[in-house]
Amino acid sequence: MTDFAQYDGYKKDFDFYVGPMQPDDVRSGEIGERLWADVSRILGTAFDGATIRPDDHDGYRYWFANDELRASLYSGPLEPGPGPLDRVPAMLTVISRSEDVASSELAERLYAGLTGSGDYLVVVFADNGMPITANYDIGDGW
């Protein structure tokens, strides 16, 4: 298990890049809807009142906030290519707004839940743009 706490701190967050484990199983736009529902389930927070908007590039933007956390997700169409990030068209950020739960705790819960399902490829980056962990080979060229 990755120790996300070592990357935690004031105004620091974790950027999750997520894509389907089996890209043939998901059509454009579906990954966002499924991922948003899974994040809500993993965190145990109903995203009631969330904002979901299509954008001009066949993608979707999701946003939710309450007293405990803030979650945002951008999901674009899957456009496979030669790079490791071309397999993960969704970008997810969840930030704790609670004094009792650190953002690193939410990140650990999300990473375990998303990778444990076997449905997603996941890469997590620290706020400085360096990869923290991934459940597939992203190479060493960072």
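The values are calculated or read from the model by the stated rules, or taken from the named source; none is laboratory data. Only a predicted model underlies this, so the values are computations on that prediction, with no experimental measurement involved. Here Cβ is always computed from backbone atoms with ideal geometry, including for glycine, and neighbour counts include all displayed protein chains.
Being touching a residue at least 40 places away in the same chain (Cβ under 8 Å) and not aliphatic (A, V, I, L, M) is the filter; apply it to the range 80-107 and report the residue that is nearest to Gln22 (Cα to Cα).
Taking the range 80-107 and keeping what is touching a residue at least 40 places away in the same chain (Cβ under 8 Å), we get 80, 84-85, 87-95, 102-107.
Going one step further and asking which of them are not aliphatic (A, V, I, L, M), we end up with 80, 84, 87, 89, 93, 103-105.
Details: Pro80: 12, Pro84: 14, Arg87: 10, Pro89: 13, Thr93: 22, Ser103: 29, Ser104: 28, Glu105: 28 Å.
This residue is Arg87.
So Pro77 fits all but one of (1) farther than 24 Å from Ile138 by Cβ; (2) of a type outside the set (A, V, I, L, M, F, W, C); (3) surrounded by fewer than 17 Cβ atoms within 10 Å (Cβ to Cβ); what number is the exception?
Against the list (1) farther than 24 Å from Ile138 by Cβ; (2) of a type outside the set (A, V, I, L, M, F, W, C); (3) surrounded by fewer than 17 Cβ atoms within 10 Å (Cβ to Cβ), Pro77 comes up short only on (1).
Mind checking whether some residue in the range 60-74 is over 19 Å from Asp13 (Cα atoms) and either polar (S, T, N, Q) or modelled with pLDDT under 95 (or both)?
Start the filter on the range 60-74 by keeping residues that are over 19 Å from Asp13 (Cα atoms), which leaves 60.
Still in the list and also either polar (S, T, N, Q) or modelled with pLDDT under 95 (or both): 60.
Yes, the range 60-74 contains a residue that is over 19 Å from Asp13 (Cα atoms) and either polar (S, T, N, Q) or modelled with pLDDT under 95 (or both).
Looking at Asp140 and the list (1) closer than 26 Å to Gln22 by Cα; (2) within 15 Å of the chain's Cα centre (by Cα), which single condition is not satisfied?
Every condition holds for Asp140 apart from (2).
Filter the range 41-71 down to the residues that are surrounded by 17 or more Cβ atoms within 10 Å (Cβ to Cβ) and not β-branched (Val, Ile, Thr), then identify the one that is nearest to the chain's Cα centre (by Cα).
Residues of the range 41-71 that are surrounded by 17 or more Cβ atoms within 10 Å (Cβ to Cβ), as a first pass: 42-43, 47, 59-60, 62, 64, 69, 71.
Narrowing further to those that are not β-branched (Val, Ile, Thr): 43, 47, 59-60, 62, 64, 69, 71.
Values: Leu43: 12, Phe47: 15, Gly59: 15, Tyr60: 14, Tyr62: 12, Phe64: 14, Leu69: 14, Ala71: 9 Å.
Top of the filtered list is Ala71.
Taking Ser40 as the residue in question, decide whether it is modelled with pLDDT of 95 or more and hydroxyl-bearing (Ser, Thr, Tyr). Give the steps one after another, and end with the answer.
Values: modelled with pLDDT of 95 or more: yes; hydroxyl-bearing (Ser, Thr, Tyr): yes.
It is true that Ser40 is modelled with pLDDT of 95 or more and hydroxyl-bearing (Ser, Thr, Tyr).
Yes or no: Gly83 at pLDDT below 90, more than 15 Å from the chain's Cα centre (by Cα) and exposed (fewer than 13 other Cβ atoms within 10 Å of the Cβ)? Spell out how you get there, then give the answer.
Details: at pLDDT below 90: yes; more than 15 Å from the chain's Cα centre (by Cα): yes; exposed (fewer than 13 other Cβ atoms within 10 Å of the Cβ): yes.
So Gly83 passes the test.
Scan the range 119-142 for residues that are of a type in the set (S, T, N, Q) and assigned to a strand (DSSP E or B) and jot them down. Even if it seems obvious, please write down each step before you answer.
The first filter runs over the range 119-142 and keeps only residues of a type in the set (S, T, N, Q), leaving 128, 133, 135.
The one that is of a type in the set (S, T, N, Q) and assigned to a strand (DSSP E or B): Thr133.
Can you tell me how many residues in the range 86-110 are surrounded by 23 or more Cβ atoms within 10 Å (Cβ to Cβ) and in a helix (DSSP H, G or I)?
4
Scan (1) touching a residue at least 40 places away in the same chain (Cβ under 8 Å); (2) within 15 Å of Leu35 (Cβ to Cβ); (3) under 14 Å from the mean Cα position of the chain (by Cα) for the single condition Ala126 breaks and write down its number.
(2)
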